[in-house]
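Asker: Below you'll find the structure I mean.
Please treat every number below as a calculation from the coordinates, not as lab data. From a predicted model like this one, the values you see are computed outputs, not experimental measurements. We place every Cβ from the backbone using ideal geometry, glycine too, and count neighbours over all the protein chains shown.
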Ligand SMILES: Cc1cc2nc3c(=O)[nH]c(=O)nc-3n(C[C@H](O)[C@H](O)[C@H](O)COP(=O)(O)OP(=O)(O)OC[C@H]3O[C@@H](n4cnc5c(N)ncnc54)[C@H](O)[C@@H]3O)c2cc1C
């Protein structure tokens with residue numbers, strides 16, 4: 001008799017919650033619409049990162065202030081306080097422990113404290129980095145991976161491609177405005193990456209990723225799908241993967257990184273409202 005064992009589930013590894021005030025060492029335009037900000041400083045001592053989707057909360061100064069408000073942490077818990085920092089979530093693109101440098105790729109989308117700060121970022125400016133709180137450790141046991149993202153999730157997509165085991169089959173889709181926004185990503189995986197150009201359409205307004213995922217030919221065996229981008233555009237993709245492709249809850253991680261018309265979208269909100 002053969003018994004089928006389910007692949008091990010994702011687990012969250014908690015890290016000690018720390019706030020660090022870091023200085024910008026370098027600013028580099030990765031593409032016309034994305035700025036790579038390299039933060040540095042001895043405060044990076046003890047910084048942890050280990051999974052593709054690891055992210056931090058950047059803490060921005062109030063308008064007119066030079067430094068951000070520091071979050072209050074007691075017993076490893078972020079406490080309510082009379083004045084809270086202005087925060088936004090950003091992926092850890094690279095952490096170089098040997099030189100204590102942290103790269104964050106920030107999309108210049110126009111309005112918003114994060115986008116505005118990134119457009120003005122210069123060496124010597126300081127910013128708060130809070131976290132990472134934890135890492136979503138997804139066991140790399142699957143036969144294939146389906147990855148899809150738009151610009152805000154390209155840093156995480158790139159981390160997936162760098163961390164997945166050599167030779168594993170990966171089908172990936174990346175939506176960007178045009179050819180100039182494509183990026184070169186190092187990977188040892190067996191990758192088919194398709195860039196999707198939305199042209200003049202507004203970010204978060206197209207169904208390019210949905211159509212690509214629907215049309216994708218998925219290999220035999222067990223797979224895992226990770227999709228991130230604008231929250232509303234992802235809902236039909238999550239439903240398609242669960243209901244039409246038959247992937248289980250543990251095989252699908254769909255994360256709304258931002259939502260059109262909403263400042264500081266809470267990405268955990270989607271987990272509670274959309275269990276397709
Ligand atoms: C886990 C996680 C990781 C993330 N990693 C990254 C990352 O590495 N790099 C990155 O750039 N972003 C990343 N994001 C997305 C980022 O947090 C949001 O885009 C955030 O809203 C940016 O803050 P803001 O202050 O610029 O805009 P907000 O003040 O939050 O929003 C202002 C307005 O801009 C709109 N808006 C927000 N983002 C965009 C966008 N990309 N394009 C068009 N309109 C937008 C909002 O709908 C709102 O109307 C991540 C989000 C999550 C949850």
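Asker: For the Cα atoms of the chain, what angle does the longest principal axis make with the long axis of helix 154-163, in degrees from 0 to 90, nearest 10?
Answerer: 60 degrees
Asker: Using the 10 angstrom Cβ neighbour count as an exposure proxy, how do 21, 127 rank, fewest first?
Answerer: Result, fewest neighbours first: 21, 127.
Asker: Taking other Cβ within 10 Å of each residue's Cβ, how do 135, 115, 205 sort, fewest first?
Answerer: In increasing order of surrounding Cβ atoms, one gets 205, 115, 135.
Asker: What nm value, rounded to one decimal, do you get for the distance between residue 26 and residue 217 when each label is placed 7 Å out toward the C-beta?
Answerer: 4.2 nm
Asker: If each residue of separation counts as 0.36 nm, what is the full-extension length gain between residue 205 and residue 249 once their alpha-carbon separation is subtracted?
Answerer: So the chain would gain 13.2 nm between residue 205 and residue 249.
Asker: Now for a different question. Just want the ordering: 38, 187, from fewest to most Cβ atoms lying within 10 Å of their own Cβ.
Answerer: Exposure proxy ranking, most exposed first: 187, 38.
Asker: So if R0 is 45 Å, what FRET efficiency would residue 45 and residue 262 give, r being the distance between their Cβ atoms, rounded to the nearest 0.05?
Answerer: 0.80
Asker: How would you classify the stretch 140-273 from its alpha-carbon gyration tensor, with a ≥ b ≥ c the square roots of the eigenvalues: rounded for a/c under 1.5, else prolate if a/b is greater than b/c, otherwise oblate?
Answerer: It comes out oblate by the Cα gyration axes.
Asker: Quick one: of the DSSP bridges fully inside the stretch 54-170, what percent are antiparallel, nearest 5?
Answerer: 90 percent
Asker: Which FRET efficiency value, to the nearest 0.05, do you get for residue 239 and residue 76 by plugging their Cβ-Cβ distance into 1/(1 + (r/R0)^6) with R0 = 45 Å?
Answerer: Approximately 0.80, to the nearest 0.05.
Asker: Between residue 11 and residue 194, what is the label-point separation in nm under the 7 Å Cα-to-beta-carbon projection?
Answerer: Result for the modelled spin labels: 3.6 nm.
Asker: Taking the chain as a Gaussian network, where each spring joins two C-alpha atoms under 10 Å apart, which residue of 103, 253, 76 fluctuates the most?
Answerer: Largest GNM mean-square fluctuation: 76.
Asker: Give, to the nearest whole percent, the P(r) tail of the chain beyond 31 angstrom, counting all Cα pairs.
Answerer: Beyond 31 Å sits 27 percent of the P(r) for the chain.
Asker: Let me know the Rg and Dmax you get for the stretch 1-72 when you use only its Cα atoms, in Å.
Answerer: 18.7, 70
Asker: Report the extension gain between residue 122 and residue 185 in nm, rounded to one decimal, defined as 0.36 nm multiplied by the number of residues separating them, less their alpha carbon distance.
Answerer: Once the chain is fully extended between residue 122 and residue 185, it gains 20.1 nm.
Asker: Also, I was wondering about something else. Could you check which residue among 167, 261, 110 shows the biggest mean-square fluctuation in a GNM of the chain with a 10 Å Cα cutoff?
Answerer: 261
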